[in-house]
1. Is it the case, given these coordinates, that residue 162 is under 16 Å from the mean Cα position of the chain (by Cα), outside any loop (DSSP other than H, G, I, E, B) and outside the structural domain of residue 337 (by TED's automatic domain parsing)?
2. Considering (1) in a loop (DSSP other than H, G, I, E, B); (2) under 30 Å from residue 193 (Cα atoms); (3) at pLDDT below 50; (4) touching a helix residue (DSSP H, G or I) at 6+ places or on another chain (Cβ under 7 Å), say which one residue 43 fails and leave the rest.
3. Name the residue, out of 231, 174, that is in the same structural domain as residue 334 (by TED's automatic domain parsing), modelled with pLDDT under 95 and either over 19 Å from the mean Cα position of the chain (by Cα) or closer than 30 Å to residue 54 by Cα (or both).
4. Anything in the range 249-292 that is more than 22 Å from residue 230 (Cβ to Cβ), in contact with a strand residue (DSSP E or B) (Cβ under 9 Å, 6 or more places away or on another chain) and surrounded by fewer than 21 Cβ atoms within 10 Å (Cβ to Cβ)? List them, or say none.
5. Hey, among 221, 253, which residue is at pLDDT 95 or above and under 24 Å from the mean Cα position of the chain (by Cα)?
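The values are calculated or read from the model by the stated rules, or taken from the named source; none is laboratory data. These numbers were taken from a predicted model, which means no experiment stands behind them. Here the Cβ positions follow ideal geometry from the backbone for every residue, glycine too, while neighbour counts run over all protein chains shown.
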């Protein structure tokens, strides 16, 4: 299964009038509705947190405003649920990325989820692309749709906005390249909790600063974060990808030539014949999403010839939970990622000494 994500560029298949009909029609038995995905009872009054309204947030397709606290929030981005949960708001529907966790919520966010049971919009149907089911979304009758870690197009945004006020990602960053701080900030703004957002950001940023200060050997170390998806190549993460940003927040450096490979994308393939491009001071393999990948990496023809391998400065992140925390890189997952990875990075940078 691939963890790579790609913006969807397919035509909208439902017309606006049909969406309006779907959103307003149907039987209402007064019990808070049913989950469109599986017919089970939905939460009557999801926790909407405690925000100040009216609230608004600017994004790549305009400005979204709310006059009162939303009670039926849907998250479309692959990791958006974490940011919403951080503000004490339980979504009524979420999107599953990977991992097969209850309600598409990983262990680091289960306490925030509590007893809520959000619908998983794409359960069992991950394709690596965003695939908005407009009819199901309309049936859920949300009062806020959040789609930040997505490749949402203008056309998709326009259609979603007919269903409910919708928040897209910031225009200041490439698709899937918005840093966790900005994701947290935008969610906090639309939930009327802008001040709390800054507090959450400051708390996690301080954890990064403390870890960097405690490990001065990280500063200036050139590194690459690589993954394995296709035979015959490795996939090196870009400067704006969350996995690389995690490393640079600790003081590590992505070399300019590797940054140029991907540009504004989330990463770029490096063929096995050119694997020496990964020969840096530190090489991190994020491979916890699939068993057995380490053997495939180590079997690559040029792998043993890399200086970073011979010097013992390769870190394999094989634990699925640790790998997931790094991959998600959210305000909720990052503290766990720091706790687990900083000691491993310190040992690896020292060459295992």
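1. So residue 162 fails the test.
2. That leaves (4) as the condition not met.
3. Only one candidate passes the filter, namely 231.
4. If the condition is that a residue be more than 22 Å from residue 230 (Cβ to Cβ), in contact with a strand residue (DSSP E or B) (Cβ under 9 Å, 6 or more places away or on another chain) and surrounded by fewer than 21 Cβ atoms within 10 Å (Cβ to Cβ), then 253, 255, 281 are the ones that fit.
5. None of the others qualify; the one that does is 253.
Each row is one residue, and each column tells you yes or no for (1) surrounded by fewer than 22 Cβ atoms within 10 Å (Cβ to Cβ); (2) in contact with a helix residue (DSSP H, G or I) (Cβ under 8 Å, 6 or more places away or on another chain); (3) part of a strand (DSSP E or B).
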position: 187; (1), (2), (3): no, yes, no
position: 192; (1), (2), (3): no, no, no
position: 196; (1), (2), (3): yes, yes, no
position: 209; (1), (2), (3): yes, no, no
position: 213; (1), (2), (3): yes, no, no
position: 243; (1), (2), (3): no, yes, no
position: 246; (1), (2), (3): no, yes, no
